[in-house]
Amino acid sequence: MTQSLTIRRPDDWHLHLRDGAMLQGVLPETARHFGRAIIMPNLVPPVVTGADAAAYRDRIMAALPEGMDFTPLMTLYLTEDTNADDLAAAHASGLITAVKLYPAGATTNSASGVKNFDKVRPVLERMAEIGCPLCVHGEVVDAEIDIFDREAVFIDRVLDPIRRATPGLRVVMEHITTADGVAYVQANDRDLGATITTHHLIINRNHILVGGIKPHYYCLPVAKRESHRQALVQAATSGDARFFLGTDSAPHIDALKEHACGCAGCFTATNTMSCLAEVFEAANALDKLEAFTSLNGPAFYGLPANDATITLTKGDPVTYPAKLETGAGPVTVFDPGFPLHWRVA
Ligand code: NCD
Ligand code: ZN
């Protein structure tokens, strides 16, 4: 039985760090284990220009505790007014790694997102030209589409048409939650990857709704039925290089989660590696953990894997604090609902 596992230091290909006191509070939770992370730009106001991204990167680096080694990979928030030259300059200088597409209204702080996809076509064409990947929040927002169907409908109505119209555009389907998302990635072997979160490998929609509403399991895209979770576990543990970790760790203070209109987001930065080791072990796929957390993501982005390694060891259950106290308020740490035996040494 494996009791110790040494892997390349992981990266997180989808992370919300927020700003100010929250940033200060949550950043060490990620930097402790992860070498790099794709930083989501959905601040208020969003990170839209190269100058915004540079300023945000500086605030992240200023919040990084001394002695911690972490590289934020910045993104721009795509709007209908995004300037393609500014974007291209930010990409050429290495300031940004990707651009994020939120359909307007799809999720937290997405009001400035895209309503009319035709309006961003020239920017997407430019991105294809320069090799800048597009990270996509793949949900339609039409009121008549059931929330559990929004990802599948997005693939047919929005994503596939965009990819056909923009050959060469590299796309990351972010936080896929359905067997449909898995199948779409598997059917397209060029220029397409997908991130999978920690929590979507663990919870299904029953966790949110059975026995009372559990606001800390509510996130977007919302967790789907069990068969979809199983498809995600299969994809993540398969070793297929198109699937990689993006935790979508999305901190909100408890007061805003435990609320009549609770915010969407699960905070998994603290215990993600322990949770994932448990999931991969249960799937008899511990030997695929490194590909998912540390190799496939860099390969998609054309970056080297981290030189450093981490070692996970198995033993008595590890306990994590139920809450992270931040200067912005307490944030509940994701509860996988089962004991965690793997810890990062
Ligand atoms: C994210 C957030 O809180 O910013 N919430 C979430 O449920 N994942 C936004 C997002 O990535 O959709
Ligand atoms: Zn997110």
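The values are calculated or read from the model by the stated rules, or taken from the named source; none is laboratory data. If you're wondering where the values come from, they're calculated on a predicted model, not measured in any experiment. Cβ sites come from the backbone with ideal geometry, for glycine too, and all protein chains shown count toward neighbours. Ligands, DNA and RNA are excluded from the accessible area calculation, which covers all protein heavy atoms including side chains. Shrake-Rupley method; radii C 1.70, N 1.55, O 1.52, S 1.80 Å.
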How do the pairs read when you match residues in region 170-183 that are open to solvent by 10 Å² or more (accessible area, probe 1.4 Å) with residues anywhere that are assigned to a helix (DSSP H, G or I) and within 13 Å of ligand 1 (Cβ to nearest atom), using Cβ under 7 Å and keeping only pairs 6 or more apart or on different chains? Asp180/Glu151
What pairs can you find where one residue is in region 101-112 and at positive phi, the other is hydrophobic (A, V, I, L, M, F, W, C) and within 11 Å of ligand 1 (Cβ to nearest atom), and their Cβ atoms are less than 6 Å apart, with a gap of 6+ or different chains? Asn109/Val44
Kindly check whether there is at least one residue in region 179-201 that is aliphatic (A, V, I, L, M) and over 30 Å from Glu125 (Cα atoms). yes
How about region 291-314: which of its residues are in a strand (DSSP E or B), out of contact with any helix residue (DSSP H, G or I) (no Cβ under 6 Å at 6 or more places or on another chain) and of a type in the set (A, V, I, L, M, F, W, C)? Ile310
Answer yes or no: is there a residue in region 186-196 that is open to solvent by 50 Å² or more (accessible area, probe 1.4 Å) and modelled with pLDDT under 95. yes
Just give me the residues in region 231-263 being assigned to a helix (DSSP H, G or I) and either in contact with a strand residue (DSSP E or B) (Cβ under 8 Å, 6 or more places away or on another chain) or free of Cβ contacts under 8 Å to residues at least 12 places away in the same chain (or both), in sequence order. Leu232, Ala235, Ala236, Asp254, Ala255, Leu256, Lys257
Restrict the check to region 315-332 and report whether at least one residue is closer than 17 Å to Leu27 by Cβ, within 16 Å of ligand 2 (Cβ to nearest atom) and in a helix (DSSP H, G or I). no
Cys266 passes all but one of the listed conditions (1) within 16 Å of ligand 2 (Cβ to nearest atom); (2) in a helix (DSSP H, G or I); the exception is number (2)
Hey, could you check region 268-282 for residues that are among the hydrophobic types (A, V, I, L, M, F, W, C) and open to solvent by less than 10 Å² (accessible area, probe 1.4 Å) and say which is farthest from Thr311 (Cα to Cα)? Ala269
So which residues in region 25-61 are among the hydrophobic types (A, V, I, L, M, F, W, C), within 16 Å of ligand 2 (Cβ to nearest atom) and either part of a loop (DSSP other than H, G, I, E, B) or modelled with pLDDT under 95 (or both), if there are any at all? Phe34, Met40, Leu43, Val44, Val47
